[in-house]
Amino acid sequence: MADRIVAARVIVTSPGRNFVTLKIETASGLSGIGDATLNGRELAVASYLADHVVPTLIGRDPAAIEDTWQYLYRGAYWRRGPVTMSAIAAVDVALWDIKAKAAGMPLYQLLGGASRESMLCYSHANGADIEAAMDSVAGHLAQGYKAIRVQAGVPGLKRIYGVHSAHGDSTQHQDRPDEGDWDTASYLRHAPRIFEAARARFGEELHLLHDAHHRLLPNEAARLGQDLEPYRLFWLEDVTPAENQAAFRTVRAKTTTPLAVGEVFNTIWDCQALITEQLIDYIRATLVHAGGITHVRRIADLAALYGVRTGFHGASDLSPVTMGAALHFDRWVPNFGIQEYSIHPNEAAEVFQWNWSFRDGMLHCGETPGHGVEIDETAAAKFPYRRSYLDVNRLQDGTLWNW
Ligand code: CS2
Ligand code: MG
């Protein structure tokens, strides 16, 4: 007789930062968890799950992952978007966790087995100025990283994305978004100097990455890509807002700097042209915000046809559940590129238990059945939700801009 879903509940907790987790339990005593965290809009997904999705899950066959995905995607009528697709992702990853546990195998085996033993990852180095950023790079090198993202403050700007050392992490608990300030001309003059300094100090072999974080217009993005060519970046990320996929035709035509995009994408439709026209080199859409394993596998397979590799988003506002499941996906996926790896707040280890490991710049997933991450609900209850916001950003004249 087929197993049945008998319970599902949403766990909102804030061990250092807010996380939303869905736990699904079956009649046969299996359980699985999925991440539903949408930074700055967490309760929207919690309610979408608790008030609208969970009632429809009870009694369903937990093994029918594809049918459940289609049921939640087509059945909602209102399709796509980060809230809907994060909710679907949480159900999907929890069901894949259960199926792998039922099969008694680590998730990567269920997906098709190992394509590699370990996964190249990158961490975040940053500093208020170039010298501080270089010292931060040196610190990550000492930890064994072979790929490092570098962000630095821009002279004249007080608060910009990615420079925590100047003002702390921008998504700690607060009642209103903090406001950043931006000036593209100052940034475009300054950014190449960051990588000139990095190559001069660290040489040619270190993989250097940079996140432009959606703040440039297409021709400005092309300018930055050209100016960074001498420094041979591993990738330049989110160089211009990608709702306008066609904008990347301009950028691609003018620079050979590798391009990565997609952490804000939530379906294959957001990146279809970018992939099929080979306008990018890495697709960053990841499990928690793009409909889970069932949908991201379709994105990865399309990308494989066009020479585009995966480069999953892995910031610390994606819970350990996403990191754990992503590493199993990374181990299987043939067109793997790199995995972003941010260290979660210390308190997160009181709530989540995981079994991945980091060694010599590489990440290793665990071998236990499922994705290898569990949640301690008693500990989770000790960290109540507190509203938090991502920054907003303004140009020097006050115009609201991309953060
Ligand atoms: C960034 C993220 O990691 C990245 O590449 O773009 O830090 C992003 O700003 C956050 O995940 C947003 O919540
Ligand atoms: Mg990014």
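Worth a mention:
- In order through region 325-342: 3J(HN,Hα) via Karplus (6.51 cos²θ - 1.76 cosθ + 1.60), integer Hz, x for Gly, Pro: 5, 5, 5, 5, 4, 4, 5, 7, 4, x, 9, 6, x, 6, 10, 5, 9, 10
- For His190, neighbours were defined as the other residues whose beta-carbon sits under 11 Å from its Cβ, and their charges (Lys and Arg +1, Asp and Glu -1) total -2.
- Both radii are taken from the alpha-carbon atoms of region 180-314; with Rh as the Kirkwood radius, Rg/Rh is 0.98.
- Counting Lys and Arg as +1 and Asp and Glu as -1 over every other residue whose Cβ lies under 14 Å from the Cβ of Leu274, the net charge comes to -3.
- Largest GNM mean-square fluctuation across Glu237, Glu220, Glu204, computed for the chain with C-alpha springs under 10 Å, falls on Glu204.
- The label point for Asp397 and the one for Glu367, both projected 7 Å from the Cα toward the Cβ, are 6.3 nm apart.
- Environment charge of Met119, counting only residues whose C-beta is closer than 13 Å and scoring Lys/Arg +1, Asp/Glu -1: +1
- Accessible area (Å², per residue) of the chain, counting only protein heavy atoms and a probe of 1.4 Å: 39
- Using alpha-carbon coordinates, inclination of helix 65-75 to the longest axis of the chain, degrees: 70
- Degrees, to the nearest 10: 82-103 long Cα axis against longest axis of the chain: 60
- Eligible lysines near Lys382 by straight Cα distance, threshold 27 Å, same-chain separation 8 or greater: Lys23
- Between His289, His140, His52, the GNM of the chain built on Cα springs shorter than 10 angstrom shows His52 fluctuating the most.
- Region 110-368 - percent of accessible surface contributed by carbon and sulfur, probe 1.4 Å: 49
- Beta bridges per DSSP with both ends in the chain, % antiparallel, nearest 5: 50
- Cα-centre dipole for the chain with unit charges at Cβ (Lys and Arg positive, Asp and Glu negative), debye to 20: 500
- Using every pair of separate Cα atoms, the Kirkwood estimate puts the hydrodynamic radius of region 254-373 at 14.8 angstrom.
- Normalised by 2.2 N^0.38 Å, with N the number of residues, the alpha-carbon radius of gyration of region 216-286 equals 1.00.
- Over the chain: helical MRE at 222 nm, DSSP H runs n ≥ 4 each giving -39500 (n - 2.57), nearest 500: -10000 deg cm²/dmol
- Note, ³J(HN,Hα) from phi for region 220-236, Karplus 6.51, -1.76, 1.60, rounded to Hz, x at Gly and Pro: 5, 5, 5, 4, 5, x, 5, 5, 8, 4, x, 9, 6, 5, 5, 6, 10
- The Cα-based radius of gyration of region 110-368, divided by its Kirkwood radius, gives an Rg/Rh of 0.94.
- Compared with the dominant Cα axis of the chain, that is its longest principal axis, helix 292-305 is turned about 50°.
- When the charge dipole of the chain is built from unit charges on Cβ atoms (+1 for Lys and Arg, -1 for Asp and Glu) and taken about the Cα centre, the candidate among Val321, Asn219, Ser31 whose Cα reaches farthest toward its positive end is Asn219.
- Of the residues Val288, Val53, Val308, the one that moves most in a GNM of the chain with alpha-carbon contacts below 10 Å is Val53.
- Using only Cα coordinates, the Kirkwood hydrodynamic radius of region 5-106 works out to 13.5 Å.
- Cα gyration tensor shape of region 156-254, rounded if a/c is under 1.5, else prolate or oblate by comparing a/b with b/c: oblate
The values are calculated or read from the model by the stated rules, or taken from the named source; none is laboratory data. Bear in mind the structure is a predicted one, so any value in this text is a computation, not a measurement. Note: ideal-geometry Cβ built from the backbone for every residue, glycine included; neighbour counts use all protein chains shown. All accessible areas refer to the heavy atoms of the entire protein, side chains included, with ligands and DNA or RNA removed. Shrake-Rupley method; radii C 1.70, N 1.55, O 1.52, S 1.80 Å.
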